[in-house]
Each structure stands twice: as structure tokens, then as C-alpha cells.
Amino acid sequence: MPQIIIATKHQKGHLIAPLLAPLGYEVDETDAFDTDSLGTFSGEIARTCTPEQAAYIKAKQACQNSDAEFGLGSEGSFTSGPYFGLITHNTEILCLYQRSTNTAIYAQASGAFAPHGLTIDEHTTSETVAQTCSQFKNQHWILSLPNALEKGLNLTQLQARLNHHKPLTGQITPDLRAMYSPQRQAMIVNATKDLIRRLNAKCPECGTANFVIKKALPGLLCAQCTLPTKQIKTYISHCEHCQFSLSEPSKHTEGDPTYCQLCNP
């Protein structure tokens with residue numbers, strides 16, 4: 001059974017291993033590489049890499065710190081996303097690196113991330129903290145005070161620390177490390193499912209994995225005026241090993257006039 005080593009300090013292996021086992025892979029963790037050296041969510045160490053770069057470094061380090069053929073890196077990021085700042089957007093990247101070929105497959109999943117914290121002031125009570133934090137089952141928290149920073153707190157621990165410190169100012173924010181964030185865990189599972197899809201997608205010419213759609217070309221003809229629209233006309237799957245490409249038409253035969261620059265300028 002091929003072994004995949006995942007570089008992590010945050011207990012991601014048990015999320016990924018059961019999904020990859022049916023494909024014949026054994027997933028084990030290594031903490032030999034300090035993944036926090038690439039940056040922390042709480043800001044003590046700045047993030048200077050893109051999520052893709054960080055995932056690649058972790059995957060390659062996983063191989064270098066073991067004798068495994070495959071290394072896996074995982075990197076999460078949080079942005080305002082497509083929700084105009086109203087809801088945080090979480091993207092999870094997985095990078096599967098193969099030592100012998102020096103190649104990598106990237107998978108990802110993204111979506112809304114609901115957990116949010118609150119600002120502490122003189123009116124903050126245990127009840128107001130519970131009202132906010134209890135909405136997010138099993139989410140852990142970071143307590144940031146002028147003279148203290150405490151991570152990985154469940155709601156009971158958080159309330160106890162607040163009663164101890166009795167702060168008049170500070171912040172309570174979600175702990176975004178994977179072992180403390182159930183919603184992040186679910187997104188890592190979704191990214192693993194995307195990785196499985198890519199591993200199962202074999203090139204018809206050479207059999208290499210990750211033969212998936214790499215490009216989408218617009219130009220579907222408008223149903224009303226027949227001019228090209230911005231809607232996708234052709235999907236192109238491409239093999240990065242042998243360079244074979246396959247074009248497939250969209251399942252739609254006509255474009256929606258809503259996306260036509262002439263009919264709906």
C-alpha cells in the first residue's frame with residue numbers, strides 16, 4: 001500500500017486517511033517540519049507564501065523528512081470572499097507531491113465560514129460570550145488581552161479565563177487551527193474529495209492522474225441574437241505529463257441573453 005506522509009502539527013491526518021484508504025493509500029502524519037514556520041493565523045509569524053506555495057513546501061518537506069514516495073501539504077486561508085465582507089470565506093488547499101516524478105497535484109474546496117468572535121468591553125459578560133460562541137458547536141477560541149494571549153479554549157475554559165482576568169478590553173476570535181475548528185475540518189474533507197476526483201481522473205493517452213478541466217472558453221451563442229456571450233462554450237481537459245488535451249462542449253446549446261453584451265449591455 002503506497003504511503004502518503006502529511007506534514008502537520010494540527011491533527012489533519014485522521015480527516016484525510018479514511019477517504020484515501022479505498023484508493024489504496026495509507027496516510028501517516030509527521031511533525032518533523034514546523035509548519036507554523038510558514039505563518040500562523042494568530043499573527044505571531046507572518047504568512048509570506050501563497051496558500052499554494054505553503055501547501056507545496058509542506059508536501060515536499062513531508063517527503064524529505066521520510067522515505068515516502070508521496071507527501072501531502074494542507075493550507076487554509078480566510079478572506080472576505082464573495083460575500084462583501086459579511087461572511088468570512090474559507091479556502092482549503094491540498095498539495096500531493098510525488099518524489100520520483102517531482103510533480104504535484106493540487107486540490108481545493110471553499111465556502112462560507114460562519115464562526116465569528118466579539119470585542120470585549122466593560123459590558124461583556126459570560127452570558128454575552130456564551131450567546132455568541134455557543135452558536136458554533138465544538139469551535140475553540142483565542143482570547144486576546146492587552147497582557148495575555150490564550151489559544152485553544154473551549155467555551156467553558158474561555159468563560160473561566162474571562163472571570164479570572166476580568167478584562168475591560170480585548171478580543172475573542174475563533175481559533176482557526178484545524179484541530180480546533182470543526183467547520184475547517186469539514187472543508188478539509190471536501191478538499192480531500194476533490195483530490196480523490198483528480199486521482200481518479202486518468203489521462204486517456206498515458207494514464208496519468210489529474211486529467212481534469214483546466215480551461216473554460218466563453219463564447220456560447222446567444223439564444224436571442226446569436227452573438228457570442230460570456231457563457232462557457234467549451235471545456236478543455238489537459239494532461240500535464242504528456243500534454244494531451246481534450247475539448248468538450250458545454251451541456252448548454254444556447255446562451256442566456258442575460259449574459260449577452262448586446263441584449264443586456
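The values are calculated or read from the model by the stated rules, or taken from the named source; none is laboratory data. Predicted model only: the values in this text are computed from it and were never measured. Virtual Cβ from ideal backbone geometry, glycine too; neighbours counted across all protein chains shown.
Quick notes
- Identity of the residue in segment 140-160, farther than 22 Å from Lys9 by Cβ and of a type in the set (S, T, N, Q), that ends up farthest from the chain's Cα centre (by Cα): Asn147
Table: residues versus (1) assigned to a loop (DSSP other than H, G, I, E, B); (2) of a type outside the set (A, V, I, L, M); (3) not assigned by TED's automatic domain parsing to the domain that holds Leu158.
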{"site": "His89", "(1), (2), (3)": "no, yes, yes"}
{"site": "Glu92", "(1), (2), (3)": "no, yes, yes"}
{"site": "Leu96", "(1), (2), (3)": "no, no, yes"}
{"site": "Thr101", "(1), (2), (3)": "yes, yes, yes"}
{"site": "Ala104", "(1), (2), (3)": "no, no, yes"}
{"site": "Val129", "(1), (2), (3)": "no, no, no"}
{"site": "Thr132", "(1), (2), (3)": "no, yes, no"}
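- Residue in segment 40-61 that is over 24 Å from Ile196 (Cβ atoms) and part of a helix (DSSP H, G or I) present: no
- The one condition from (1) part of a strand (DSSP E or B); (2) of a type outside the set (A, V, I, L, M, F, W, C); (3) buried (at least 20 other Cβ atoms within 10 Å of the Cβ) that Gln171 does not meet is (3).
- Qualifying residues in segment 61-98 (those that are of a type in the set (A, V, I, L, M) and farther than 20 Å from Ala7 by Cα) - the one surrounded by the most Cβ atoms within 10 Å (Cβ to Cβ): Ile87
- Scanning segment 138-160 for residues that are in contact with a strand residue (DSSP E or B) (Cβ under 8 Å, 6 or more places away or on another chain), farther than 15 Å from Asp121 by Cα and at pLDDT below 95 returns a single hit, Leu149.
- Residue check, Gly43 exposed (fewer than 14 other Cβ atoms within 10 Å of the Cβ), more than 20 Å from the chain's Cα centre (by Cα), among the small types (Gly, Ala, Ser) and in the same structural domain as Asn102 (by TED's automatic domain parsing): no
- Selection within segment 216-265 - hydroxyl-bearing (Ser, Thr, Tyr) and at negative phi: Thr229, Thr234, Tyr235, Ser237, Ser245, Ser247, Ser250, Thr253, Thr258, Tyr259
- Residues of segment 1-27 that turn out to be basic (Lys, Arg) and touching a Gly at 6+ places or on another chain (Cβ under 8 Å), as a count: 0
- Qualifying residue in segment 197-219 (condition: assigned to a helix (DSSP H, G or I) and of a type in the set (A, V, I, L, M)): yes
- Flag for Cys225 being closer than 30 Å to Ile4 by Cβ, of a type outside the set (A, V, I, L, M) and out of contact with any helix residue (DSSP H, G or I) (no Cβ under 6 Å at 6 or more places or on another chain): no
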